[in-house]
Amino acid sequence: SFPPVFFANMFGHAQDAEIQRKRSQNYRNVFDPQGQFIRPKLSSGQWVPNFDPRATGHTPKYRDYTEANAWQSTFFVQHDVKGYMQLFGGRDGFLSKLDQLFTAQPGSFTWRQLLNWHAFIRSRISGK
């Protein structure tokens with residue numbers, strides 16, 4: 001169970017537990033089923049255009065990820081792994097996407113992407 005839900009229930013705060021349970025499912029709102037990435041959205045609810053899973057930001061004004069990119073963020077739903085795997089079509093679909101992480105080519109990078117590349121490499125080396 002997601003820790004804030006667990007502790008809220010443990011201390012008798014059922015309403016707070018329900019709020020946190022609902023919030024813990026927000027990853028579903030930023031998961032793009034076509035590309036199978038956690039992706040940024042515009043305030044209109046549309047996906048940010050010109051998406052590159054290696055980038056940390058897709059608009060000049062904002063970084064869409066903090067110390068991460070789509071590759072890393074896509075594998076950072078740790079509190080509902082079984083539910084998350086269903087978005088990939090189940091365990092096999094999830095494992096296929098995970099395999100893609102380890103075979104993705106870096107391509108050419110902007111300085112902005114390069115500054116965050118260390119975190120991508122760290123995630124590949126550590127397996128996290």
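The values are calculated or read from the model by the stated rules, or taken from the named source; none is laboratory data. Keep in mind that this is a model prediction, so the values were computed, not measured. Backbone-built Cβ (ideal geometry, glycine too); neighbour counts: all protein chains shown. Side chains are part of the model used for accessible areas, which takes the heavy atoms of the whole protein and leaves out ligands, DNA and RNA. Shrake-Rupley method; radii C 1.70, N 1.55, O 1.52, S 1.80 Å.
Here are some notes:
- Region 47-97 and region 1-36 have their alpha-carbon centroids 18 Å apart.
- Probe 1.4 Å - accessible area at Arg23, Å² to nearest ten: 150
- Qualifying chymotrypsin sites (Phe, Trp or Tyr not before Pro) for region 45-75 [loop in DSSP, other Cβ within 10 Å: at most 13]: Tyr62
- Only one residue of Trp71, Ile19, Trp47 has its Cα farthest out toward the positive end of the dipole of region 1-71, where Lys and Arg carry +1 and Asp and Glu -1 on Cβ, and that residue is Trp47.
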